[in-house]
1. Which residues does a label at N105 reach in region 144-185, if reach means a backbone N under 15 Å from a point 7 Å past the Cα toward the Cβ?
2. Determine the gain in length on full extension of the stretch D60-L165; use 0.36 nm per residue of separation and subtract their C-alpha separation, reporting nm with one decimal.
3. Among H107, A182, G117, flag the residue with its Cα farthest along the positive direction of the charge dipole of the chain, charges on Cβ as +1 for Lys/Arg and -1 for Asp/Glu.
4. Identify which of V37, V192, V64 has the largest mean-square fluctuation in a Gaussian network model of the chain, with springs joining Cα atoms closer than 10 Å.
5. If one computes the Cα centroid of region 1-47 and of region 187-230, what distance in Å separates the two points?
6. Using a Gaussian network model on the chain with a 10 Å cutoff between Cα atoms, which of P137, P152, P211 fluctuates the most?
7. Apply the Karplus curve 6.51 cos²θ - 1.76 cosθ + 1.60, θ = phi - 60°, to the phi angles in region 37-54 and return the couplings in whole Hz, x for Gly and Pro.
8. At 222 nm, what value in deg cm²/dmol follows for the chain if DSSP H runs of at least 4 each add -39500 (n - 2.57) and the sum is divided by all its residues, to the nearest 500?
Amino acid sequence: MTGVSLQLQPNPEGLAQAASDFISEQVRTKPDLSILVATGHTPMPTYAELARRVEAGEVDFSRVTAVQLDEYLGIDDDDPRSLWGWMRRSFVQPLGITRTVRLKNPHQFEAAIRNLGGLDLAILGLGPNGHLGFNEPPSAMDAPTRTLELTPASLESNRAYWGELTVPAGAITAGMNLILAARQTLLLVSGVRKRGILHATLEGPETPEVPASFLRRTALTVIADGAAWT
Ligand code: PGA
C-alpha cells in the first residue's frame, strides 16, 4: 500500500471531523482548489461539518471550484433525484462556492478539467461493488468520462436514496482517467456493509473488477470508521 494513508475513526462523527480537517487543510494550502465532489450518504456529515466551519469563519471555500462526479441520465434539472441538485444543496451552496463544473457532456467535461489544470482533490465514496462515481466494474484505469448502464448492484444500492422513486437506468460518470490523475484522493468509508469491499480495495488485487483498487496508485487518504475496517 505505498502512498496510502489509512485513518481509522471510532464512528461516523469522528470520520466527519477527520475528513473536514483534511479537506480544510487542503483549501487553506491552495484556496483555489478544484475538488471532485461525491454525493451519497457517507460524505454528508462531512459536508455538514464543513458548512459549520465556513459559517464560523474557520475556512473559506469562496475560490474553490466544485466539480460534479456523476449523474443519472434522462431526468430533469428539478427532479429530486438529480445528483447535481444534491451536490448543490449539500456542498456548493452551504460552503459558499461560486465556481462549478457540471457533468453533462463527456467531451466538454474533460476539456473543462484540462482548462482547470486537472483536479486537485477527489472526494469519493466507495460503492458496495467497488465503483467510483459510476465507474462500474469492470472499469479500466484509463476508462474515460462516459455514459453507461448502471449495474444491478448499483441500481439496488441507489434505491436507498430515493424512497418510492425508481433509480434511472442510465448514468454519466467522470472517468477513471480523471479520478486517478487527481493530485490527492480522499476515500470515505462508513459502516459494516462496506467492510468486505474496503478490504478488497486496499488489500486485494488491483483489478478492473474493483475499480477503487486502482486508487492505491494515487496519493490516497482513506478515512474509515471502525465498522468498515475491523
Ligand atoms: P454511499 O454511496 O456513500 O451512499 O454508501 C457510495 C457509492 O455508492 O459510491
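The numbers here are math on the coordinates, done by the rules we state, and not lab data. Just so we're clear, the structure is a prediction, and the values are computed from it rather than from any experiment. Please note: Cβ atoms are built from the backbone with ideal geometry, for glycine as well, and neighbour counts cover all protein chains shown.
1. 146-147
2. 34.2 nm
3. Result: G117.
4. V192
5. Each part reduced to its Cα centre gives a spacing of 15 Å.
6. Evaluated over the chain, the most mobile residue of the options is P152.
7. Those phi angles translate into 10, 7, 9, x, 6, 4, x, 4, x, 5, 5, 5, 5, 4, 4, 4, 5, 5 Hz.
8. -9500 deg cm²/dmol
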